[in-house]
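Have a look at the structure below before the remarks.
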Amino acid sequence: MASRKAKLVLMKIFSLFSVVRGYNIPVIALAQYLSAIFILDRESRALDIILDPNLFLIVLASSLTIASGYIINNFYDAQKDLINRPKKSMLDRLVSQGTKLQVYFVLNFIVVLLAFMVSWRAAVFFAGYIFLIWFYSHKLKKYPVIGNLTAAFLAVLPFFGILMYFKNFYQVIFAHATFLYLLILTRELIKDLENIKGDIVADYRTIPVMFGESMSKTIITVLTFLTVVPVYLLIDVYDVGYMDIYFYTGMIVIVCFLFKLWKATTHDEYLQLHNILKVLIVAGVFSIVLIDPEVLVHGRKLLSAI
């Protein structure tokens, strides 16, 4: 009997992990730290940035905000997820809607508390971030264009949190942010194509539902061509070190992506395209270290000396 209860508790923990997409959050936290070290504050030592308590609080608050965002998004998407992701939806339902809301409010309270430990401005920023996520999940995501633009904006907003902390507003940072924003926006449109059946049932007026798959593919194609602009700036105008290898490779991947896009018609094919973009975004996170590999060497020497 005890082992059965323990198994049930374990399954519920795994279910909650699935709801908050715990596998994504460490990648976002890593991306924030790498951005801080290699882009936002290249003058300071890597070890000093890593050990900065305020930066740790901001990254932790960002991670918990994203987790709570996944919870409220899951709460509102329960109906369409039964159609689009039946297996994941059944796992997520092991935790009741009431429990999800309780965890959501607790996480948000902790976020604001952590942010206040940094500054009142940080608390206002994260309170606004929490509200925007709720408003997107509750209203905006059901509308074409505005829902996609907001989703992509919310995905890059944690990086603006640490940008404001370092007070670093160099143009190269906005070139990186633009490239990331366009990739995420493209991924959001692919997700709409992937989830079109559930969106129709749940009365979500996404671009594929309102204007058709062909129009969605045209918009995606335009967005992928627009990525050439920040890539050109990052490679030819700004100094991104060896990260230009990632951008050259990324352009090849995007060309292959477009060929597959115009041939895709099924859910599984759109899921493959979604995963290609996800891999490209995650690869971009790890490629940040190529901007200045010497930082890692120097950091390793510091750690060994300690």
Subset of segment 73-104 [crowded, with 21+ Cβ neighbours inside 10 Å and modelled with pLDDT of 90 or more]: Y104
Of all residues making up segment 167-187, the number that are under 12 Å from L40 (Cβ atoms) and either touching a strand residue (DSSP E or B) at 6+ places or on another chain (Cβ under 6 Å) or surrounded by 18 or more Cβ atoms within 10 Å (Cβ to Cβ) (or both): 2
Residue in segment 133-148 that is nearest to R187 (Cα to Cα), counting only those that are modelled with pLDDT of 90 or more and exposed (fewer than 15 other Cβ atoms within 10 Å of the Cβ): I146
Residue check for L113: without any contact (Cβ under 8 Å) to a residue 60 or more places away in the chain, among the aliphatic types (A, V, I, L, M) and closer than 24 Å to I50 by Cα: yes
Scope segment 158-182; condition modelled with pLDDT of 90 or more and within 25 Å of L55 (Cβ to Cβ); matching residues: T178, F179, L180, Y181
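Kindly indicate which of D192, D203 is of a type in the set (D, E), at negative phi and touching a residue at least 12 places away in the same chain (Cβ under 8 Å).
Working: D203 fails: at negative phi.
Going through D192, D203 in turn, just one is of a type in the set (D, E), at negative phi and touching a residue at least 12 places away in the same chain (Cβ under 8 Å): D192.
Within segment 199-230, can you find the residues that are polar (S, T, N, Q) and either surrounded by fewer than 19 Cβ atoms within 10 Å (Cβ to Cβ) or more than 24 Å from R85 (Cβ to Cβ) (or both)?
Step one: of segment 199-230, the residues polar (S, T, N, Q) are 206, 214, 216, 218, 221, 224, 227.
Listed by number, the residues that qualify are S214, T218, T221, T224, T227.
The values are calculated or read from the model by the stated rules, or taken from the named source; none is laboratory data. Everything numeric here is computed off the predicted structure, so don't read it as measured data. A quick note on method: Cβ atoms are made from the backbone with ideal geometry, for glycine too, and the neighbour counts reach across all protein chains shown.
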